[in-house]
Amino acid sequence: MDASCLRYSLTEEERQTFDKTGYLVLEDALTPEQVEALTREVDRIHDEKVQAGHEANKALFYPNFIPDHKLFLDLVDYERVLPKVWGILGWNIYLYHAHMIVTPPSGQEKSDKTFGWHQDSGRMNVDMETVPRPRMSLKVAYFLSDLQEQGRGNFWIVPNSHLNNTLDKPAGGHGQPEGAIPICVKPGTAVFFDRRLWHTASPNWSDITRKVLFYGYGYRWIRTKDDMTVQSLWADSEPIRRQLLGAGTNCNGYYTPTEEDVPLRGWLERHAPDQVAR
Ligand SMILES: O=C(O)CCC(=O)C(=O)O
């Protein structure tokens, strides 16, 4: 990894925003050329899935897409984004989960039905007993389609809700929680969010297909959340990418890492010692 990526390190202002609100918006994280090239691959995969029987007007949730194209792999340690991820979580991290979502126009009437609000990681939220629950992981969502207006299948969040273990939803299944907002962004925007931030997908009432890539980073001792069949990519990856793709020397190395388990720590010690927090 080139040390020039350090110009994208998490700033103090970004840290405060993320800590306070539970999310961070990074406009122009991807260039228009990257958006175009990634969109081509997303469209290709979507077409293949539809040919294989996926209903064309239903949202496509497709996990474990990293092995499908080098462009997806290259975002795992993307220079504009990874420094902010380690700035928040530290160096003992990997990509525990990734999914692509394509949300075509639903063709349905607008409704005020309450969306599917949740925090990430399922049972993690039940099995852990603290208030607030610990952060553990975050996701980076790369928006490829134009979501500058709401109603386009936008990602919705309740800002500042990440420290609340519960969320009050309107009674009767209508309306959204107090403070809820749609994320309205242009293509190429990356949104970082704490896994505890209450969030949801929403229906696409527009005629623009929504396309998003989600990259979930967490501590190396967290299990993968989808199949993550990325082991075949290890051999051709440089050490930090290999770490991010889940490599380790043995099981204990996920809990008590050696130098070989976490090349990211060694790299930071050499290039940015002030960023090796713990
Ligand atoms: O599709 C969306 O906008 C929401 C995705 C989501 O809920 C998630 O990644 O946990």
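Observations, loosely collected:
- Condition met for P177 (surrounded by fewer than 19 Cβ atoms within 10 Å (Cβ to Cβ) and either more than 14 Å from the ligand (Cβ to nearest atom) or among the aromatic types (F, W, Y) (or both)): yes
- Filtered residue count, segment 106-146, keeping only those that are without any contact (Cβ under 8 Å) to a residue 12 or more places away in the chain and within 13 Å of the ligand (Cβ to nearest atom): 1
- Residue selected from segment 229-240 under the condition aliphatic (A, V, I, L, M) and assigned to a loop (DSSP other than H, G, I, E, B), by the criterion nearest to the ligand (Cβ to nearest atom): V230
- Of all residues in segment 190-206 being near the ligand (Cβ under 9 Å from one of its atoms) and part of a loop (DSSP other than H, G, I, E, B), the one that is surrounded by the fewest Cβ atoms within 10 Å (Cβ to Cβ): A201
- Elements of type strands (runs of 3 or more DSSP E) in segment 8-107, at least 2 residues being more than 23 Å from D227 (Cβ to Cβ) and modelled with pLDDT of 95 or more: 23-26
- Residue match in segment 148-159 (condition: free of Cβ contacts under 8 Å to residues at least 60 places away in the same chain and not in a loop (DSSP other than H, G, I, E, B)): yes
- Identity of the residue in segment 1-44, under 17 Å from the mean Cα position of the chain (by Cα) and among the aromatic types (F, W, Y), that ends up farthest from S145 (Cα to Cα): F18
- Of the residues making up segment 207-228, those that are part of a loop (DSSP other than H, G, I, E, B), modelled with pLDDT of 95 or more and away from the ligand (no atom under 14 Å from the Cβ) are D207, I208, R220, W221, I222, R223, T224.
- Taking the listed residues R270, R223, the one that is surrounded by fewer than 19 Cβ atoms within 10 Å (Cβ to Cβ), free of Cβ contacts under 8 Å to residues at least 24 places away in the same chain and not hydroxyl-bearing (S, T, Y) is R270, with no other qualifying.
Rundown of residues vs (1) under 22 Å from G153 (Cβ atoms); (2) surrounded by 14 or more Cβ atoms within 10 Å (Cβ to Cβ); (3) away from the ligand (no atom under 16 Å from the Cβ), yes/no style:
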site	(1), (2), (3)
D28	yes, no, yes
D43	yes, yes, yes
D47	yes, no, yes
I66	no, yes, no
H69	no, yes, yes
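The values are calculated or read from the model by the stated rules, or taken from the named source; none is laboratory data. This is a predicted model, so every value here is computed, not measured. All Cβ positions, even for glycine, are placed from backbone atoms using ideal geometry, and neighbour counts span all protein chains on display.
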